[in-house]
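Enquirer: So that we are looking at the same thing, I have put the structure below in structure tokens.
The values are calculated or read from the model by the stated rules, or taken from the named source; none is laboratory data. In this text the structure is predicted, and so the values were computed from the model without any measurement. As a convention, Cβ positions derive from the backbone with ideal geometry for all residues, glycine included, and neighbour counts pool all protein chains shown. Quick note on the areas: whole protein, heavy atoms, side chains included, nothing else; ligands and nucleic acids left out. Shrake-Rupley method; radii C 1.70, N 1.55, O 1.52, S 1.80 Å.
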Amino acid sequence: MSPNRHSAALAVRDLRVEIRTREGIVRPVDGVSFDIRPGRTLGLAGESGCGKTVSALALMRLLPRGQARISGGSVLWSNGDGESVNLATAAEQEVRRLRGRRLAMIFQDPAAALNPVFTVGEQIAEVSRLHLGLSHGKAMRRAVSLLSRVGIADAARRAREYPHQFSGGMQQRAMLAMALAGEPGILIADEPTTALDVTVQAQIVDLLRGLQSEAGMGMLWVTHDLGVLAQVADEICVMYAGRIVERAGTRELFANPLHPYTQALLACVPRLHRPAGTGGIPGSVPTPAEVPPGCRFHPRCALSRRLAVELDAELCVNTQSGSVLRRCVDEVPALRPVGADHWVACGEVAS
Amino acid sequence: MVRYVAKRLLLAGVTLVGITIVTFAVTRLAPGDPALEAVSRGGASTMSAEAYARLRTYYDLDQPLSRQYAAWLGRVVRLDFGRSFHDGRRVTDKVGERLPATLCLAGGAVVLSLAFAIPIGLASARRAGGVFDTVAGGVLAALHSVPRYVMAMLLIVVVGVHLDWFSPYGLRSDSFEDMSYPGKAADLVRHFALIVFCFAYPLIAYQARFIRGNLLEVLGQDYIRTARAKGLSERAVLHRHAFRNTLLPLITVVGLLVPSALGGSVILETMFQWPGIGQLLFQAMTQRDYPVVMALTVVAAVVVLLCTLLADLTYALADPRVRYA
Ligand SMILES: Nc1ncnc2c1ncn2[C@@H]1O[C@H](COP(=O)(O)OP(=O)(O)OP(=O)(O)O)[C@@H](O)[C@H]1O
Ligand code: SF4
Ligand SMILES: [Mg+2]
């Protein structure tokens, strides 16, 4: 095991991504900052289409080539030993050296993420051969032990099977074994349980938590499910339309959600004493091509609308979606600290 | 798997019988009369009605078509294809001595075309829309649009006769037996090159396009992103993870191309005086040599059916997801 595995960190600052589409250039990630700290789990939450996957792929420099690119900001990886690389600008070769070795990633749809024509064992062994220089035989034996480590029974036989012979939960376990093969300090998980059955989801959550603390990895857990993050995350970033709108420790965020979007999201999470809010938040996430001016959440913001009723008419403006505060339309709220380790991007909450 | 193969073979047998029935009917209903041919070969410009009738009886031609077919099938089952109407030699001998030349041609063309198509397809897909992709795509499309016989004519006249770089006619030189081993090899290459190229170039164009298109599709798959996330080089991603997935459909395509290559052999072998079954078929057709035509039909049909079956089976072996019940 690499000596500094427990102190790897990823500092993301003002990350911007541009995608070329038929309608022109769009920016699905527009100035995002967060830290993946050594041995800790950062949750990245938000509805579908708000830019979570694009952010996660950007960290690994895995954006679709020729189509999308990191257009600004930095992604600074460091191993606590003075070594650091800015993944946003590093040469492709340098990035490849870290990928799969220092940073690993697992994906939402494990069935599609595994290559159908190679055995599961081969696909896991490939990582150890590439990054640890193991021989084929040694790498295969290591793949078997990794498979048992992620809870697959009869791993030696299973390693010789093909992905389609695995159930969804086992495929995600295999993906995890593949990610662990390089002994990474940082693991990025993009909706690791979304495609799985509910009962299997819980197993994978438990497994990931266990392995994360055992291996001491820093982790980014991307999901639209705040309920999962309540169990696994130390800190949570809430993302909306390509930006972070609120950031806080998990306990703090659930106890004291400040941003109207976070509040609306939390209202959708089922709790023991309260049924889930039906139908989610009214309206939908704008596509990157049509982000509204000012605060991107204003067309859906309950707070702005409520304040517009209470306050003078001259402070308000009529929009397609009703009367809202003029400030919400005119000013882009920055992410500002509102308490110890609690940040919000809303002009009305901060004031 | 065994049951699947048995089922496929049975089906192939039925198809084969169907093909022979159609060919049998078409050849006999086409204008021309082997008995007349035989007589005119004998030098007589006129003949007695009696001699004509005797010949027709000799060839079974006076029987109803269904009777003729049944008799033919009965012999074929015992691998007896009869004797040539033309020279009286056993049909199996005539076909057998010519089969290797054509198989070499088809095999050579497939190997040669893949040797070009795979690297071209890979390089084109690597930078789709790039300079190489555009140029190679244009050149191959242009090549593909040239009919084989035009290309053959050009090559025979310009490269063969005029420049004299290659020998456009036949299998080997007359002095072949007197040559040293390297000399023999060179002589074979000189004779083989042009005709094999004529067979191969449309295949190159077709396969390269096919490989490129398939690779681009595969490159958009999630598992390619996984391969990149492992830290693999772009080369390893393309050559190992992507190519392995395009190999499966490629096998099928090649299996289906062999028959079409055989189809081209009639014209090309005739033009290049290549002593294969294509040339034989051409001769047999013009001579109304029914037994030879029928035998070649069976050979061609068997090759086609076998290629398709082999393509399917290889596919099954290469793709772990395909399992036959
Ligand atoms: N290759 C692309 N071309 C064009 N638009 C894209 C591309 N990839 C993503 N987008 C757009 O960027 C936005 C953010 O997408 P992203 O996949 O990051 O959302 P997400 O938060 O991960 O949502 P989900 O929960 O559905 O996975 C979406 O509006 C999406 O349509
Ligand atoms: S800035 Fe205005 S629109 Fe945006 S979240 Fe705050 S109140 Fe709502
Ligand atoms: Mg996503």
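Enquirer: Kindly evaluate B:TYR206 against the criterion of being of a type in the set (Phe, Trp, Tyr) and buried (at least 20 other Cβ atoms within 10 Å of the Cβ).
Expert: Criteria not met by B:TYR206.
Enquirer: Please report, ordered by residue number, the helices (runs of 4 or more DSSP H) entirely within the stretch A:73-140 with at least 1 residues that are within 16 Å of ligand 3 (Cβ to nearest atom). Steps first, please.
Expert: On the way: elements: A:92-98, A:110-113, A:120-132.
Because the criterion is at least 1 residues that are within 16 Å of ligand 3 (Cβ to nearest atom), the helices (runs of 4 or more DSSP H) in the stretch A:73-140 that meet it are A:110-113.
Enquirer: Does the stretch B:157-173 include one or more residues that are touching a residue at least 60 places away in the same chain (Cβ under 8 Å), surrounded by 20 or more Cβ atoms within 10 Å (Cβ to Cβ) and either in contact with a Lys or Arg (Cβ under 8 Å, 6 or more places away or on another chain) or assigned by TED's automatic domain parsing to the domain that holds B:ARG98 (or both)? Even if it seems obvious, please write down each step before you answer.
Expert: Restricting attention to the stretch B:157-173, the residues satisfying the condition of being touching a residue at least 60 places away in the same chain (Cβ under 8 Å) are B:168-171.
Checking which are surrounded by 20 or more Cβ atoms within 10 Å (Cβ to Cβ) leaves us with B:168.
Retained after the next criterion (residues that are either in contact with a Lys or Arg (Cβ under 8 Å, 6 or more places away or on another chain) or assigned by TED's automatic domain parsing to the domain that holds B:ARG98 (or both)): B:168.
There is at least one residue in the stretch B:157-173 that is touching a residue at least 60 places away in the same chain (Cβ under 8 Å), surrounded by 20 or more Cβ atoms within 10 Å (Cβ to Cβ) and either in contact with a Lys or Arg (Cβ under 8 Å, 6 or more places away or on another chain) or assigned by TED's automatic domain parsing to the domain that holds B:ARG98 (or both).
Enquirer: While we're here: Quick check: is even one residue across the stretch A:112-122 more than 11 Å from chain B (Cβ to nearest Cβ), open to solvent by less than 20 Å² (accessible area, probe 1.4 Å) and under 17 Å from A:LEU187 (Cβ atoms)?
Expert: Looking through the stretch A:112-122, none of the residues is more than 11 Å from chain B (Cβ to nearest Cβ), open to solvent by less than 20 Å² (accessible area, probe 1.4 Å) and under 17 Å from A:LEU187 (Cβ atoms).
For every residue, the table says whether it meets (1) touching a residue at least 12 places away in the same chain (Cβ under 8 Å); (2) under 28 Å from the mean Cα position of the chain (by Cα); (3) at the interface with chain B (Cβ under 10 Å from one of its Cβ atoms).
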site: A:VAL85; (1), (2), (3): yes, yes, no
site: A:ARG97; (1), (2), (3): no, yes, yes
site: A:PRO110; (1), (2), (3): yes, yes, yes
site: A:LEU130; (1), (2), (3): yes, yes, yes
site: A:ALA159; (1), (2), (3): yes, no, no
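Enquirer: Does A:SER48 satisfy the criteria of being away from chain B (no Cβ under 13 Å) and more than 16 Å from ligand 3 (Cβ to nearest atom)? Before the answer, list the steps.
Expert: Details: away from chain B (no Cβ under 13 Å): yes; more than 16 Å from ligand 3 (Cβ to nearest atom): no.
It is false that A:SER48 is away from chain B (no Cβ under 13 Å) and more than 16 Å from ligand 3 (Cβ to nearest atom).
Enquirer: Sticking with this structure for a sec: With respect to the numbered conditions (1) within 16 Å of ligand 2 (Cβ to nearest atom); (2) in contact with a Pro (Cβ under 9 Å, 6 or more places away or on another chain); (3) outside any strand (DSSP E or B), which one is the sole condition not fulfilled by A:GLU47?
Expert: The one condition A:GLU47 does not meet is (2).
Enquirer: Name the residue, out of B:ILE267, B:ILE251, B:ILE277, B:ILE224, that is at pLDDT 80 or above, over 30 Å from A:ILE188 (Cβ atoms) and within 14 Å of chain A (Cβ to nearest Cβ). Walk me through it before giving the result.
Expert: Working: B:ILE267 fails: within 14 Å of chain A (Cβ to nearest Cβ); B:ILE277 fails: within 14 Å of chain A (Cβ to nearest Cβ); B:ILE224 fails: over 30 Å from A:ILE188 (Cβ atoms).
Unique residue meeting the criteria: B:ILE251.
Enquirer: Can you pull out the residues in the stretch A:41-63 that are among the charged types (D, E, K, R) and within 26 Å of B:ALA227 (Cα to Cα)?
Expert: A:LYS52, A:ARG61
Enquirer: While we're on this one: Hey, any hits in the stretch A:140-147 for a residue that's basic (Lys, Arg) and within 14 Å of another protein chain (Cβ to nearest Cβ)? So that I can check it myself, show each step before the final result.
Expert: Initial filter on the stretch A:140-147 (basic (Lys, Arg)): A:141-142.
Narrowing the set further to residues that are within 14 Å of another protein chain (Cβ to nearest Cβ) leaves none.
No, the stretch A:140-147 contains no residue that is basic (Lys, Arg) and within 14 Å of another protein chain (Cβ to nearest Cβ).
Enquirer: Follow-up question, since we're still on this one. Working only within the stretch B:261-308, note down all residues that are more than 22 Å from B:VAL26 (Cβ to Cβ) and open to solvent by less than 20 Å² (accessible area, probe 1.4 Å). Let's see the steps before the verdict.
Expert: As a first pass, look at the stretch B:261-308 and keep what is more than 22 Å from B:VAL26 (Cβ to Cβ): B:261, B:268, B:271-276, B:306-308.
Scanning the stretch B:261-308 gives B:ALA261, B:LEU268, B:PHE272, B:TRP274, B:GLY276.
Enquirer: Which of the residues belonging to the stretch A:318-348 are hydrophobic (A, V, I, L, M, F, W, C) and open to solvent by 40 Å² or more (accessible area, probe 1.4 Å)? Can you show your working first?
Expert: Taking the stretch A:318-348 as the starting set, the residues that turn out to be hydrophobic (A, V, I, L, M, F, W, C) are A:324-325, A:328-329, A:332, A:334-335, A:338, A:340, A:343-346.
Across the stretch A:318-348, the qualifying residues are A:VAL332, A:ALA334, A:LEU335, A:VAL338, A:ALA340, A:TRP343.
Enquirer: Please determine, by comparing only the residues of the stretch B:217-252 that are of a type in the set (Gly, Ala, Ser) and surrounded by 23 or more Cβ atoms within 10 Å (Cβ to Cβ), which one is nearest to B:ASP312 (Cα to Cα). Even if it seems obvious, please write down each step before you answer.
Expert: Taking the stretch B:217-252 and keeping what is of a type in the set (Gly, Ala, Ser), we get B:220, B:227, B:229, B:231, B:233, B:236, B:242.
Pick out the ones that are also surrounded by 23 or more Cβ atoms within 10 Å (Cβ to Cβ) and you get B:227, B:229, B:231, B:242.
Numbers: B:ALA227: 28, B:ALA229: 33, B:GLY231: 34, B:ALA242: 21 Å.
Per the stated criteria, the residue is B:ALA242.
Enquirer: Taking the condition in contact with a helix residue (DSSP H, G or I) (Cβ under 6 Å, 6 or more places away or on another chain), within 16 Å of A:GLY185 (Cα to Cα) and within 14 Å of chain B (Cβ to nearest Cβ), does A:ALA104 pass?
Expert: yes
Enquirer: In the stretch A:76-110, how many are open to solvent by less than 60 Å² (accessible area, probe 1.4 Å) and within 16 Å of ligand 1 (Cβ to nearest atom)?
Expert: Within the stretch A:76-110, residues that are open to solvent by less than 60 Å² (accessible area, probe 1.4 Å) and within 16 Å of ligand 1 (Cβ to nearest atom) number 4.
Enquirer: Here is a further query. Which pairs turn up if I take residues in the stretch A:54-65 that are near ligand 1 (Cβ under 9 Å from one of its atoms) and look for partners that are assigned to a loop (DSSP other than H, G, I, E, B) with beta carbon separation below 8 Å, at least 6 apart in sequence or on another chain?
Expert: Listed pairs, sorted by first residue: A:VAL54/A:LEU63; A:LEU57/A:LEU63.
Enquirer: Is it the case that the stretch A:210-220 has a residue that's without any contact (Cβ under 8 Å) to a residue 24 or more places away in the chain and over 24 Å from A:VAL32 (Cα atoms)?
Expert: Of the residues in the stretch A:210-220, the ones without any contact (Cβ under 8 Å) to a residue 24 or more places away in the chain are A:210, A:214.
Checking the rest, the ones that are also over 24 Å from A:VAL32 (Cα atoms) come to A:210, A:214.
There is at least one residue in the stretch A:210-220 that is without any contact (Cβ under 8 Å) to a residue 24 or more places away in the chain and over 24 Å from A:VAL32 (Cα atoms).
Enquirer: Right, next: Under 6 Å by Cβ, and 6 or more places apart or on different chains, what pairs join a residue from the stretch B:278-305 that is among the polar types (S, T, N, Q) with one that is open to solvent by less than 10 Å² (accessible area, probe 1.4 Å)?
Expert: Final answer for the pair search is B:GLN279/B:GLU269.
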